[in-house]
Amino acid sequence: MTPVTTAQSPQLLRAAVFHTPRNPFRDDTALESYSDGGLLIRDGRIEACGDFQPLRRTYPDAIEIDLRGGFLLPGLIDTHVHFPQLRALGCLGRSLLDWLEECALPEERKMGDMQYASQAARTFLRALVSHGTTSALVFGAHFLPATEALLEAADSSGLRIITGLVLSDRKLTADLHQTPEAAYRDSTSLIRQFHRRGRLQYAVTPRFALSTSEAMLEVCQTIMREHQGLRLQTHMNENLLEIEQVKNAFPWAKDYLAVYERFGLACPSAVMAHNVHPTDGELERLASSRTAIVHCPSSNAALGSGLFPLRRHLQAGVQCALGTDVGGGTGFGMLKEGLQAYLMQRIAPNGCILSAAHLLYLVTRAGAEALGLESETGDFSAGKAADILYLRPPEDSPLAEVLRASDSPERTLGALFTMASSESVDEVRVEGAVVYRPEQSAEPR
Ligand SMILES: [Zn+2]
């Protein structure tokens, strides 16, 4: 996949515009919207965002691109997704540990075949971008060549991908294990080759506490110390049986988080998926160590993991973002993931009632904050990269009908989260350059 065009400058995009340059959990005015809006892009950056007419007057020389009838949102950010698990989607009726063994790991094993892995990498990246995702924190494969294939394909896709070799030395099957020495050697080689190449970054990726020995976690700590600007991603507190087994595997740890803390892995660069069953003490320590949590509501429901205590996370001051958790989740759509978060909070005891502004924040700016990309992407503030999702629902769709009847920005945005999927994605840009257009509208603008 190669970018369709290169960035031109300056361009003035005209359509309805939505973004959340602030956190709506703290600020009621966080949602900014313009029904006849404009985005001024110069050299791949946002120079201005606001009402169209004043922008037209301020920038008379800008090339106008008329996108009226559609909606401009910041590129979506998926902070937890597994590259090898696309074909594990739809494996229903199991809980975490059985699902891993019967659905996920058989697919992960196939990544030992390079041809399979290269093909899977292209399909995976296409799946992300065709749903409007421009940045993602991705679990790579357990195999070095397959992870290398993903990084190569990610580099040419133009997307912002943060990923790494998945590390495990116990609990899975022998063909998915590596020794701590091999983990160190292979991770270091990938970091030297790919970290900060183009838009890529590297994430040290111990699969989860249960599948990593203390020696492996120590290797993760060493790698984090030896290189600047790496991310750390893993899982925690997803499922009650898993938590019980972690307690047995690390009898010295007072709780799940304590395992990672022992090796310095709870830190501002760390992003941990799930945390469905935290103690109050863990929430406090996540907040004080500035470790981010990724809520994956579709996965939590599909695997019966539980109801995410969002309010407790927010009250403790823990940074939260959203992830699809493909293939434990139900697909690549981050808008759908936002809706699923809303639905589950509606039925969770003491759940939060999430507004459309909350959902937009969770799938854009919150993800950027969790990934340390908040000065680069996540909203349309001046100076940020022009990472843009253009949604244009098909004219004859029920969604288009709902949107025509909408009487407020909140209703419009709520309808997009409720009903829009990949068929509404009409164009995706990263740093101003088009990286995706559906085949039926491939004519240049
Ligand atoms: Zn996961």
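The values are calculated or read from the model by the stated rules, or taken from the named source; none is laboratory data. What you see is a predicted model, and the numbers here were worked out from it, not measured in a lab. Because the Cβ atoms are built from the backbone with ideal geometry, glycine has one as well, and the counts that use them run over all protein chains shown. All accessible areas refer to the heavy atoms of the entire protein, side chains included, with ligands and DNA or RNA removed. Shrake-Rupley method; radii C 1.70, N 1.55, O 1.52, S 1.80 Å.
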Which listed residue is basic (K, R) and either surrounded by 20 or more Cβ atoms within 10 Å (Cβ to Cβ) or over 30 Å from N300 (Cβ atoms) (or both), from R109, R45, R22, R87
R45
Working only within the stretch 49-63, note down all residues that are hydrophobic (A, V, I, L, M, F, W, C) and open to solvent by 80 Å² or more (accessible area, probe 1.4 Å).
I63
Under 9 Å between Cβ atoms, at least 6 apart or on separate chains: pull out the pairs that start in the stretch 45-63 with a residue that is under 20 Å from P74 (Cβ atoms) and in contact (Cβ under 8 Å) with a residue 60 or more places away in the chain and end on any residue that is among the hydroxyl-bearing types (S, T, Y) and in a strand (DSSP E or B).
C49/Y34
Residues satisfying the stated conditions in the stretch 264-281, i.e. open to solvent by less than 10 Å² (accessible area, probe 1.4 Å) and either among the polar types (S, T, N, Q) or closer than 19 Å to L217 by Cα (or both):
L265, A270, V271, M272, A273, N275
Scope the stretch 301-316; condition out of contact with any helix residue (DSSP H, G or I) (no Cβ under 7 Å at 6 or more places or on another chain) and within 16 Å of the ligand (Cβ to nearest atom); matching residues:
A302, G304
Taking the criterion of being more than 15 Å from the ligand (Cβ to nearest atom), outside any helix (DSSP H, G or I) and buried (at least 18 other Cβ atoms within 10 Å of the Cβ), would at least one residue in the stretch 113-126 satisfy it?
no
Those residues of the stretch 326-353 which are open to solvent by 10 Å² or more (accessible area, probe 1.4 Å) and among the charged types (D, E, K, R) amount to K336, R346
Failed condition for L96, given (1) within 16 Å of the ligand (Cβ to nearest atom); (2) over 20 Å from the mean Cα position of the chain (by Cα); (3) open to solvent by 30 Å² or more (accessible area, probe 1.4 Å)
(3)
Taking the residues in the stretch 196-227 that are out of contact with any strand residue (DSSP E or B) (no Cβ under 9 Å at 6 or more places or on another chain) and hydroxyl-bearing (S, T, Y) as candidates, determine which candidate is most open to solvent (accessible area, probe 1.4 Å).
T222
Looking only at the stretch 70-87, how many residues end up being under 16 Å from L371 (Cα atoms) and among the aliphatic types (A, V, I, L, M)?
3
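Do we find a residue being closer than 20 Å to K336 by Cα, open to solvent by 10 Å² or more (accessible area, probe 1.4 Å) and within 16 Å of the ligand (Cβ to nearest atom) anywhere in the stretch 131-151?
So in the stretch 131-151, the residues closer than 20 Å to K336 by Cα come out as 131-138.
Within this subset, residues satisfying the condition of being open to solvent by 10 Å² or more (accessible area, probe 1.4 Å) are 131.
Narrowing the set further to residues that are within 16 Å of the ligand (Cβ to nearest atom) leaves none.
No.
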Could you list, in sequence order, all residues of the stretch 262-285 that are part of a helix (DSSP H, G or I), over 21 Å from A341 (Cα atoms) and in contact with a helix residue (DSSP H, G or I) (Cβ under 7 Å, 6 or more places away or on another chain)?
E282, E284, R285
Among residues of the stretch 283-300 being within 14 Å of the ligand (Cβ to nearest atom) and either without any contact (Cβ under 8 Å) to a residue 24 or more places away in the chain or not polar (S, T, N, Q) (or both), the residue surrounded by the most Cβ atoms within 10 Å (Cβ to Cβ) is C296
Yes/no for C103 being open to solvent by 20 Å² or more (accessible area, probe 1.4 Å), within 16 Å of the ligand (Cβ to nearest atom) and more than 25 Å from L360 (Cα to Cα):
no
